[in-house]
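Before any comments, here is the structure.
The values are calculated or read from the model by the stated rules, or taken from the named source; none is laboratory data. None of the values given here were measured: they were computed from a predicted structure. Every residue, glycine among them, receives a Cβ derived from its backbone with ideal geometry; neighbour counts consider all protein chains shown.
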Amino acid sequence: MVTYPGNSQPGNASPLSPVAQEAAPPVLRTIQLSDLHDALKRGWEDFKAVPSHAIILCVVYPVVGLVLARAVMGYSVLPLLFPLAAGFALLGPFAALGLYELSRRREIGESASAWDALGVVWSPSFGSMLGLGTLLLALFVTWVATAQAIYVAAFGYEAAAEIPDFARRVLTTPQGWWLIVVGCGVGFLFALVALCISVISFPLMLDRHAGALEAMVTSMRVVGRNPGPMAAWGLIVALLLLVGSLPFFLGLAVVVPLLGHATWHLYRKVIMPDYGQRPRPPVRWERQSAAEFPVALFAWRRRKD
């Protein structure tokens, strides 16, 4: 069980009433760069504790990466390979929902398995999570379309014949240098928007059942209060995703779970605990009888106590 400094209730603090819980916004903390290191360390501990579950949850990343890499070779979408890979960072906060749940359960001493990760679907705020996830998806699609437009502005609609030809265009021509500068600058703006609205939004919705708007506003408040550490966190995320993408995207099977778990612990560091929050009822699973066919085709079902 992970214990955080300051998580014990002070002697002069009284639990909030249900009405006060709804009215009081989350109380923010100021963090240091050392807190980022500690969040990554705790995230790595979570990953080591449930490595198979984390890899199963994130296997879509290397699979999609390999498919993209194979599909774009020799086709006009080759210039979009890097924007598509970089765009994973925009969708990562939503894709890591199950990882937040695993870290939450380990934190309070409960079992953490792949089935437990699916419990996030029954969170009261799951609809809000889907809403914010849809917004991030729209941001991702807009980024890819913008990257395509930037490439067309630099080189027109003529496609590169193969990877060496594409690399020569980008690295040895003035148009390619312009593409690198403008593309990276615009990509940075997209990444900044995603960081501001989602850095701790999903953990907040999972933990306190906040709405999407409240979660985004709180996330922006966190960034505004801790601009240096949050900028460093964004850089860490970008570098780790880059490293994970280099060996044919396979490294993302480790990098994404690590960042997902670490994000939960980062959330714990920047948001004061809610001492009056009522615990969420546990979600348990039981086998179904074969007599319940065809429902029994799904080997497990949720059970409420």
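Annotation: of all residues in segment 229-242 being surrounded by 13 or more Cβ atoms within 10 Å (Cβ to Cβ) and out of contact with any helix residue (DSSP H, G or I) (no Cβ under 7 Å at 6 or more places or on another chain), the one that is nearest to Gln32 (Cα to Cα) is Ala231. If we keep just the residues of segment 141-160 that are in contact with a helix residue (DSSP H, G or I) (Cβ under 9 Å, 6 or more places away or on another chain) and outside any helix (DSSP H, G or I), which is modelled with the lowest pLDDT? So, considering only residues that are in contact with a helix residue (DSSP H, G or I) (Cβ under 9 Å, 6 or more places away or on another chain) and outside any helix (DSSP H, G or I), the one modelled with the lowest pLDDT is Ala160. Residues in segment 173-187 include at least one that is outside any helix (DSSP H, G or I), more than 23 Å from Ala262 (Cβ to Cβ) and free of Cβ contacts under 8 Å to residues at least 12 places away in the same chain.
Yes or no: Glu101 within 19 Å of the chain's Cα centre (by Cα) and either under 18 Å from Asp207 (Cα atoms) or hydroxyl-bearing (Ser, Thr, Tyr) (or both)?
Values: within 19 Å of the chain's Cα centre (by Cα): yes; either under 18 Å from Asp207 (Cα atoms) or hydroxyl-bearing (Ser, Thr, Tyr) (or both): yes.
Taking the combined requirement at face value, the residue satisfies it.
Collect the residues in segment 243-253 that are touching a helix residue (DSSP H, G or I) at 6+ places or on another chain (Cβ under 8 Å) and either of a type outside the set (Val, Ile, Thr) or under 23 Å from Lys269 (Cα atoms) (or both), keeping them in residue-number order. Residues satisfying the conditions are Gly244, Ser245, Phe248, Phe249, Leu250, Gly251, Leu252, Ala253. Using beta carbons and a limit of 9 Å, which pairs, at least six apart or on different chains, have the first residue in segment 216-230 and closer than 20 Å to Leu135 by Cα and the second one among the polar types (S, T, N, Q)? Every condition considered, the pairs that remain are Met216/Ser198; Met216/Ser201; Thr218/Ser201; Ser219/Ser198; Ser219/Ser201. Please work out which residue is nearest to Asp116 (Cα to Cα), limiting yourself to segment 194-214 and to residues that are part of a helix (DSSP H, G or I) and more than 14 Å from the chain's Cα centre (by Cα). Applying the filter and picking the extreme gives Asp207.
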